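Following: one structure in structure tokens, then a few remarks.
Just so it is clear, none of the values below were taken in a lab; they were calculated from the coordinates. What you see is a predicted model; the values in this text were computed from it and never measured. Quick reminder, even Gly has a Cβ in these numbers, built from the backbone with ideal geometry, and neighbours come from all protein chains shown.
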Amino acid sequence: MPAFICITCGSQFSPSEKQPGRCPICDEDRQYVPPSGQSWTTLQDLARRHCNSFREHEASLIGIGTVPAFAIGQRALLLKTDKGNVLWDCLSLLDEATIAIVRALGGLIGIAISHPHYYASMVEWAHAFDAPIHLHASDQQWVMRSDPAIKFWDGDTLPLARGVTLIRCGGHFAGGTVLHWAEGGEGRGALLSGDIVQVLPNRNFVSFMRSYPNFFPLSAPAVERIGALLAPYAFDVIYGAWFDRIVPRDGKAIVKRSIARYVAAIQGDGSAELN
Ligand SMILES: [Zn+2]
Ligand SMILES: [Zn+2]
């Protein structure tokens, strides 16, 4: 039986004879169903028209992204730790070449995903590399393909290896998670941020939204809470959700001033927009 993949968000569903009727992730106010309607593909179809590309961002960190872009178009990150490789975020496409390359790099000891928009074909990846998937329990309802490989975690932090910590920031999703890599950024610390701390095109600011495609903001307390949760961690580089969304330096200060800017704007009285 095929495991259908939603073309808009890239989530793979449990195997079924027929295409699922709808995608709950796209049918919700953070995503959208395009005017052409809900449509589906499969891993086999996807592999006919797409492949994965690899880019080393720094020693021990390799980006993996699908070309041409598919669904939301995020790239995943393979992080080499003292215990083995962790895959941060995930892709809908897992083909034979990707399996061979990741195996040659040592396989995976775990998969951690920032939020449901990047769950993608996580179960395929988990099976191929015999690796557990670490998801925050608050987002359990958004898993479209249940599997014993999925391990839900609770609370604010989960250490995966030495200096590699998942931090549940919430915000965009209740279980929205970032990964802190103490030795990343060539020793200055790095944050792998998915859509939870969104790196902007100018790379001088980050931002925070409940919905990016529908331009729906978060509240000031939700954004301040993200700041408070990140406060104990040192980082200079921020790896966002796409190959080119990287803050190369001053990441900690940029998050701080971005939170201040965001909160001032959302709590403003409208006068700033008239000047
Ligand atoms: Zn979808
Ligand atoms: Zn998202």
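Run the numbers on segment 11-73 and let me know its relative contact order in percent, using alpha-carbon pairs under 8 Å that are six or more apart.
Details: 35 pairs, mean separation 11.5, N = 63.
Reported as a whole number, the value is 18 percent.
Using 0.36 nm per residue, how much length does the chain from Ala253 to Glu183 gain when fully extended, once their Cα-Cα distance is taken away? The partial results should precede the final answer.
On the way: separation 70, 0.36 × 70 = 25.20 nm, distance 1.82 nm.
Difference between extended and current length: 23.4 nm.
Is it possible to state the helix-based mean residue ellipticity at 222 nm for the chain, with each DSSP H run of 4+ residues giving -39500 (n - 2.57), the sum divided by total residues, to the nearest 500 deg cm²/dmol? What is it?
Values: 5 runs with 51 residues, N = 275.
That comes out to -5500 deg cm²/dmol.
Note down the nm distance, to one decimal, between modelled labels 7 Å out along Cα→Cβ at Arg103 and at Cys51.
With each label placed 7 Å out from Cα toward Cβ, I get 1.8 nm.
What helices does the chain have that are whole DSSP H segments, at least 20 Å long along their own axis by Cα, and with mean Kyte-Doolittle hydropathy of 0.0 or more?
Taking the DSSP H segments of the chain (at least 20 Å long, mean hydropathy at least 0.0), we get 251-266.
Find, to one decimal place in angstroms, the Kirkwood hydrodynamic radius of segment 76-173, where the mean of 1/r is taken over every pair of different Cα atoms and then inverted.
13.6 Å is the Kirkwood radius here.
Considering the options Pro35, Ser138, Ser207, tell which one lies farthest towards the positive end of the dipole of the chain, charges being +1 on Lys and Arg and -1 on Asp and Glu at the Cβ, about the Cα centre.
Ser207
Based on other C-beta atoms within 10 Å, arrange Asp269, Asp27 from fewest to most.
So the ranking, lowest neighbour count to highest, is Asp269, Asp27.
Give, in nm to one decimal, the length gained when the segment between Gln44 and Ala3 is fully stretched (0.36 nm per residue of separation minus the Cα-Cα distance).
13.8 nm
DSSP beta bridges in the chain, what fraction antiparallel, as a percent rounded to 5?
Bridges in the chain are about 75 percent antiparallel.
Taking R0 as 25 Å, what's the FRET efficiency between Ala234 and Ala174 from their Cβ-Cβ distance, rounded to 0.05?
0.40
Separation between the Glu273 and Gln140 pseudo-spin-labels, each 7 Å from Cα along Cα→Cβ, expressed in nm?
4.0 nm
Give me Rg/Rg_expected for segment 101-141, where Rg uses Cα atoms only and Rg_expected = 2.2 N^0.38 Å with N residues.
Scaled against compact globular proteins, the figure is 1.21.
Cross-link partners among lysines for Lys256, C-alpha distance below 25 Å, same-chain residues fewer than 8 apart left out?
Qualifying lysines at Cα under 25 Å: none.
Pull out the extension gain between Asp244 and His127, defined as 0.36 nm times the separation in residues minus the alpha carbon to alpha carbon distance; nm, one decimal.
Numbers: separation 117, 0.36 × 117 = 42.12 nm, distance 2.93 nm.
Using 0.36 nm per residue and subtracting the Cα-Cα distance, I get 39.2 nm.
How many nm is it between the label spots at Asn214 and Lys18, if each spot is 7 Å from the Cα in line with the beta carbon?
Going by the 7 Å Cα→Cβ label model, 2.7 nm.
Roughly how big is segment 147-207's charge dipole about its Cα centre, with Cβ charges of +1 (Lys, Arg) and -1 (Asp, Glu), in debye to the nearest 20?
120 debye
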